[in-house]
Structures are given as C-alpha cells and as structure tokens.
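K.L.:
Have a look at this one.
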Amino acid sequence: MERASSRRYTGTIGGGSGATVLFQRTADIPLKVEDGSVDLGITGLDRYMEMCPEGGDALLVMDDLGYGGCKLMVGVPDSWLDVDSMSDLADLSVDMREHGRDLKIATKYPRLVERHMLRHGVSYYSLVQSSGTLEAAPAMGFADIIADISSTGTTLRENRLKTVENGTILASQACIIGNGRRLAEEPDALRETRILLEQAEAHLRARDFFSITANILGSSPEDVAEQVTRRPEVSGLKGPTIARVYSEDEGTWFAVTLVVPRDRLLEAVDHLREIGAGSVTVSQALYVFQDRCNAYQSLLQALGRAG
C-alpha cells in the first residue's frame, strides 16, 4: 500500500494492481459498495451484515482477512444475578411487559439484534439506537441492556456489565465485500479484484508455513533425497528441493529446501539434524499460492461465471 501521507485519503496498491484506494470510515464503506461508488471495500463483517440488504448488490467476497476479530454480544448489568442466559432475558422481557414497559436495548446494530432477540424468544423489547459509548447506557438509565462489539470483554466488565449464555450475536473480523453488479459488468474491475484476492489469500495462507534450508553431505542428490524423504510428513509440501553446494570443504554438500507447516517446524529441523544437516536456516513464507485462488473462484460462481 502506497500513501503520500497520513492525511491523504487516497492511495495505490503495488504488485501489479492499478487500483485506487479510498480511505473512508468503516461505517460508510458498506454503503459505498452497495450503491456502486466503489467496486470493493474492506470493512468489518458486522458492518456488512448490518448495513447491506439481502438481495442487494453488495456481496461478501472474502470473509476473514485475519485481523479485527471481535464479537457482537449482549451485555446486561452484573447486578442482575438471576439473568445468565438469553432464555432468562426472554422471561424478564415478559415480566417487564406485564408491569407496563418493554426491555430497552441500546445498540448500533438494530437489524442483527432484532433477529437475535426474536430467535431466542425475546418478544417484548424496544431498540434505542445510539452511536455513542453504549456501555454507559444502563448506568445512565436510557437503556436496560446493550448489544455492542467487544474484543476482550474488558470494557463491559469495567462498566459493570456481563455477557450471557447464547448472547453472542455475531463473530466478526475484517472482510472484503464487493459490488456484484459492477464486477459482473466491468472486466477491468474484475481483473483488479483477482489480483487483490490472489495476493490476500496467498499471504494469509503463508502465515502457516516456513521455508527451511539446510546443507547436507551426500554422494548425490538422489542419496540426499532418500534420506530426507524417510520422514514424508516433514519433507516439504511436494518434497524437497536439492541443489549442489560448490564449497571448498571436504565432501560433497547439497542444499536442501523444504516448505513445512508451522506445527511441523521443529520436527522438520530435528529430522534434518539427524541426517547430518550442517546448518539450518528458517524464514517465514510471504506468499503461498495454490493451483487456484479459492476466493476468486467463489466470486466467479456468485457472479454466475464459470471458473
């Protein structure tokens, strides 16, 4: 990502893409994608689910970019000792209605909250929409409970609120959304989308892989390969890559390169040591491309095109 300064609201993407990046408020991005002002947007899944209508032009292109994880959850006063679940909340709403008022819920997510409440039998309630600090709503008296985004739950606890069983409305994270109509009609937009999705998916996949290089004595590449592949589970994604090392040291050395999953890293290093690796270097993979980009193939299917 290239941006002239932190005050500049436009930027560009490297790696062969000609896309222009617009920096906007998270809440505005789903609306701009839906109305076709932009082709793609990066926002929270919670914002997309709340603000983009079903059957509209905005569609989910990649649902998890690996950051921004949080949960939209119900928070009730911790002084409500007998309210520990959504079923308790449903009973409370009935009791409050019998006493002449509805349960008041402060939230920025009316659509998602309404669905969740009805799904769990909370029939008598009213929504209080607020864009401010929702955690203070019960203490200030303009709502009984809240439904808001939380990453760790610390802010809820600091404001004397607690979560309830089945009170998680949505698990959210950063995602890519796109305007399906524009992507279907504009070949250039679809081409730029493919570049972005290829890079994003390969980079996310690379987090789970390491590249290992070690120097090993052997009589031939085949001899070294036979030693390495005695443990096929740690001999690389498709097997080892072996090349002659031209060294003044005595004997014939070969450089062995493996790509292994994160959870097999130390196991692979130990195996190379056991077969005589003289030095072992490890680097984090930056991109791991597969034979196809799953996110792009899914997008083509959503647009009604062959893969």
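K.L.:
Within the range 191-212, work out how many residues are assigned to a helix (DSSP H, G or I) and touching a residue at least 12 places away in the same chain (Cβ under 8 Å). It would help to see each step written out before you state the result.
P.N.:
Initially, the range 191-212 is screened for residues assigned to a helix (DSSP H, G or I), giving 191-206.
Applying the additional criterion that residues be touching a residue at least 12 places away in the same chain (Cβ under 8 Å) yields 192-206.
Result for the range 191-212: 15.
K.L.:
Of all residues in the range 231-260 being touching a residue at least 40 places away in the same chain (Cβ under 8 Å) and open to solvent by 40 Å² or more (accessible area, probe 1.4 Å), which is nearest to the chain's Cα centre (by Cα)? Before you say what the answer is, go through the steps one by one.
P.N.:
Here is the first cut: in the range 231-260, the ones touching a residue at least 40 places away in the same chain (Cβ under 8 Å) are 231, 255-260.
In the following step, the residues that additionally are open to solvent by 40 Å² or more (accessible area, probe 1.4 Å) were identified as 231, 257, 259.
On the way: 231: 33, 257: 30, 259: 24 Å.
For the range 231-260, the residue satisfying everything is 259.
K.L.:
Separate question: Answer yes or no as to whether residue 276 is open to solvent by less than 50 Å² (accessible area, probe 1.4 Å), at positive phi, in contact (Cβ under 8 Å) with a residue 40 or more places away in the chain and part of a loop (DSSP other than H, G, I, E, B). Working first, answer last.
P.N.:
Values: open to solvent by less than 50 Å² (accessible area, probe 1.4 Å): yes; at positive phi: yes; in contact (Cβ under 8 Å) with a residue 40 or more places away in the chain: yes; part of a loop (DSSP other than H, G, I, E, B): yes.
Yes.
K.L.:
If I ask for residues that are open to solvent by less than 10 Å² (accessible area, probe 1.4 Å) and either more than 12 Å from residue 106 (Cα to Cα) or part of a strand (DSSP E or B) (or both), which ones from the range 130-152 would you list?
P.N.:
Narrowing the range 130-152 to residues open to solvent by less than 10 Å² (accessible area, probe 1.4 Å): 134, 137, 143, 145-147.
Once the filter is applied, which keeps residues that are open to solvent by less than 10 Å² (accessible area, probe 1.4 Å) and either more than 12 Å from residue 106 (Cα to Cα) or part of a strand (DSSP E or B) (or both), the range 130-152 yields 145, 146, 147.
K.L.:
Spot the failing condition for residue 122; the list is (1) at pLDDT below 95; (2) assigned to a loop (DSSP other than H, G, I, E, B); (3) open to solvent by less than 70 Å² (accessible area, probe 1.4 Å), and only one is missed.
P.N.:
Here residue 122 meets the rest and fails (1).
K.L.:
Go through the range 171-198 and give me each residue that's touching a strand residue (DSSP E or B) at 6+ places or on another chain (Cβ under 6 Å) and open to solvent by 30 Å² or more (accessible area, probe 1.4 Å).
P.N.:
Of everything in the range 171-198, just one residue is touching a strand residue (DSSP E or B) at 6+ places or on another chain (Cβ under 6 Å) and open to solvent by 30 Å² or more (accessible area, probe 1.4 Å), namely 171.
K.L.:
Let me ask something else about it. Within the range 78-94, how many residues turn out to be open to solvent by less than 70 Å² (accessible area, probe 1.4 Å) and within 19 Å of residue 142 (Cα to Cα)?
P.N.:
5
K.L.:
Considering only residues that are open to solvent by 20 Å² or more (accessible area, probe 1.4 Å) and more than 22 Å from the chain's Cα centre (by Cα), which ones fall in the range 153-165? I'd like the intermediate steps shown before the answer.
P.N.:
Step one: filter the range 153-165 for residues open to solvent by 20 Å² or more (accessible area, probe 1.4 Å), giving 154-155, 157-160, 162-163, 165.
Result: 155, 157, 158, 159, 160, 162, 163, 165.
The values are calculated or read from the model by the stated rules, or taken from the named source; none is laboratory data. Every value quoted in this text rests on a predicted model; they were computed, and no experiment measured them. Reconstructed Cβ throughout: ideal geometry from the backbone, glycine too, with neighbour counts over all protein chains shown. Keep in mind that these areas ignore ligands, DNA and RNA; they rest on the heavy atoms of the full protein, side chains included. Shrake-Rupley method; radii C 1.70, N 1.55, O 1.52, S 1.80 Å.
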